[in-house]
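Here the structure comes first, spelled out in C-alpha cells, and everything after it is commentary.
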Amino acid sequence: LAGAPEIYEAAFRKAGIFQVHTIEQLLQTSLTLAKQPSCGNNIGIVTNGGACGVMAADWCGEYGVQLAELSEETLNKLGQSEVMNPAFSKRNPLDIVGDATAERYEVAVDTLMQQDNIEGLIVIQTLQSMTDSEKNAEVIVEAQKSWDKPILPCFIGGKMTKPGVDILLQNEIPNFSEPKRAVLAMKALINSNL
C-alpha cells in the first residue's frame, strides 16, 4: 500500500503539490491559500518574544523560507517612532520586546511592510502581562486591508488570546498557534507564487 516517501515527495514537488502532514495543517494551509496573497521568498518576522522569533527563524531555515535583511531606512523609522523600546532587536526577526503594546505592533508591522523587499510577514504575539490580543488582532486586520502582502499571525496563549484569535477568524485571517505552523503556511504561499 505504501511506497518510499522520498519518491512521493519528489513527485509532489515536481507537480507543484504542497505537502502537509496533519488535518489541522491541511485546513490552515487551505484557508491561508484561499484568503492570503501569494508572495516571494523574502519575509519578515515581528515578535514580542525573542525566543519565539528565533524558533520561527530556525523553522524558516529548515523549510527554505528566506528572511529579509532590515534596511537602514526601516531601522531608522523604527528608532525614530518614539514607541519602540530602545532594546528592540534591530534585525529580522524584529523583537519589539515583551512590553509591546498594540501601538508598537502597528508601527513595526507598517514599517516592515513598507520595505519593498519584504514580501510577507509573520507576526508573533506571546502572552505578557500587558498583551492585548484584541487590539493586536485589530492591528493585523487593518494592516491586511492596507497591504497586498500576506500577514500570518501566530498568537500563542490558548484561552488567554482567544478574543484576539476570534477577531482574526471573523476577518478570515487564520491564526497559527506555534511558529512552525506559520512558517509552513508562508512556505505554501511562496510555493504558490512559483
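For Lys135, which aspartates and glutamates qualify as cross-link partners when the Cα separation must be under 16 Å and same-chain residues fewer than eight apart are set aside? In chain and number order, the partners are Asp99, Glu103, Glu106, Asp110, Asp166. Using a Förster radius of 41 Å, what is the FRET efficiency between Arg13 and Gln170 based on their Cβ-Cβ separation? Nearest 0.05, please. Efficiency computed from Cβ-Cβ geometry: 0.70. With the gyration tensor restricted to C-alpha atoms of the chain, the semi-axes of the equivalent ellipsoid amount to 28, 18, 15 Å, longest first. Count Lys and Arg as plus one, Asp and Glu as minus one, and take only other residues whose Cβ is under 10 Å from that of Gln115; the net charge is then -3. Remark: the Asn76-Ser30 segment gains 12.8 nm on full extension, using 0.36 nm per residue and subtracting the alpha carbon distance. Label-to-label distance for Met130 and Glu62 is 3.2 nm, based on points extended 7 Å past Cα in the beta-carbon direction.
Over all Cα atoms in region 1-116, the spread is summed up by Rg and Dmax: 17.8, 61 Å.
Once C-alpha pairs closer than 8 Å and six or more residues apart are averaged by separation and normalised to the residue number of the chain, the relative contact order reads 28 percent.
Normalised by residue number, the volume inside the convex hull of the Cα atoms of region 86-194 is 100 Å³ per residue. Listed peptides 16-22, 5-11, 154-160 appear in the order 154-160, 16-22, 5-11 once ranked by packing, highest mean of other Cβ atoms within 10 Å at the front. Mind pulling the angle between the C-alpha long axis of helix 23-35 and the longest principal axis of the chain? Nearest 10 degrees, somewhere in 0 to 90. Taking the Cα atoms of the chain, the angle to 23-35 is about 70 degrees. Mean separation of Cα pairs under 8 Å and 6 or more residues apart, divided by the residue count, gives region 134-175 a relative contact order of 51 percent. List, in the order given, every pair from Lys149/Lys187; Lys35/Lys145; Lys159/Lys187; Lys77/Lys162; Lys35/Lys149 whose Cα-Cα distance in the structure shown is over 23 Å. Lys159/Lys187; Lys77/Lys162, as the Cα separations exceed 23 Å there.
Just so you know, all these numbers are worked out from the coordinates, no wet-lab data involved. If you're wondering where the values come from, they're calculated on a predicted model, not measured in any experiment. Note that we place each Cβ from the backbone using ideal geometry, even for glycine, and neighbour counts take in every protein chain shown.
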